[in-house]
1. For the range 133-172, what are the residues that are under 20 Å from the mean Cα position of the chain (by Cα), closer than 22 Å to GLY185 by Cβ and aliphatic (A, V, I, L, M)?
2. Against the definition (surrounded by fewer than 19 Cβ atoms within 10 Å (Cβ to Cβ) and not charged (D, E, K, R)), how does PRO61 come out, yes or no?
3. Look through the range 45-58, keep the residues that are surrounded by 14 or more Cβ atoms within 10 Å (Cβ to Cβ) and among the polar types (S, T, N, Q), and return whichever of them is nearest to ALA30 (Cα to Cα).
4. Given the conditions (1) at pLDDT below 95; (2) in a helix (DSSP H, G or I); (3) hydrophobic (A, V, I, L, M, F, W, C), report the number of the one that CYS127 does not fulfil.
5. If a residue must be farther than 10 Å from THR161 by Cα, modelled with pLDDT of 95 or more and in a loop (DSSP other than H, G, I, E, B), how many such residues does the range 186-200 contain?
6. If a residue has to be within 17 Å of ASP125 (Cα to Cα) and surrounded by fewer than 18 Cβ atoms within 10 Å (Cβ to Cβ) to count, how many in the range 158-182 make the cut?
Amino acid sequence: MERSAVSFNPGSDYLYAIVHGLPRGWRPPAEGIGGAPVRTVPVRDVVVVASHLATPVSRTPLNQAVHADVVEVAARAQSVLPFAFGTVLPQALEPWVCARLPLVRASLRRLRGAVEMQVRLVSLDACPRDLEALARRLVDAAGVPTWAYREAPRLAAASVTFLVRRRAVSEFLERIAPVASRAAGVAVVPSGPLPPYSFTPSLETAASPVLAAS
């Protein structure tokens, strides 16, 4: 559910990501959410990718796509902590980041060179399928220690999300392919690589989604 923008202050910072190790010559996209310029804010040894907002953010397909595009460009850094769509900081950015630097640095080290791979499992018929058992087989085949399983019973679907080293994506897909090909009655659909949204810790004690009321 979208939250009311009652606490929104013009000039608040919209947060896309915190990164470390941007490549030489890297430049952010010219425009972000609402056409606002995307800026980079160095805070100690990390960089925050953000935009100043004049108005609240609406959850539209265009805005969501713009957010994803900016994060994808930021993810060219050696390590990235992506923020969820709609995260707006109504207070001074640098003190907020400095208060969280130990967690930010530890998370950036853990996610260095890593991407997210998602594998969606969808039942193709009315016959009940043990999606969790299939997910376990995928996990065993992948040999990846960090993963998350989510199930959507009403949709007869589930997903397994893996934290994979970028250089190992092809090997990961090769490892799960035999399990996927033998999954009777279930579509196994991998996607990625993506920024590691699912494995980024919450930094939103003070920063919360501020969206335009629908």
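The values are calculated or read from the model by the stated rules, or taken from the named source; none is laboratory data. Quick caveat: nothing in here was measured; it's all calculated off a predicted structure. Reconstructed Cβ throughout: ideal geometry from the backbone, glycine too, with neighbour counts over all protein chains shown.
1. ALA152, ALA158, VAL160
2. Working: surrounded by fewer than 19 Cβ atoms within 10 Å (Cβ to Cβ): yes; not charged (D, E, K, R): yes.
Here the answer is yes, as PRO61 does meet what is asked.
3. Restricting attention to the range 45-58, the residues satisfying the condition of being surrounded by 14 or more Cβ atoms within 10 Å (Cβ to Cβ) are 46-53, 56-58.
If we keep only those that are among the polar types (S, T, N, Q) as well, we get 51, 58.
Details: SER51: 11, SER58: 20 Å.
Looking at the filtered set, the residue picked out is SER51.
4. Every condition holds for CYS127 apart from (2).
5. 1
6. The initial filter retains those residues of the range 158-182 that are within 17 Å of ASP125 (Cα to Cα), namely 158, 180-182.
After this cut, where a residue has to be surrounded by fewer than 18 Cβ atoms within 10 Å (Cβ to Cβ) as well, the list is 181-182.
Result for the range 158-182: 2.
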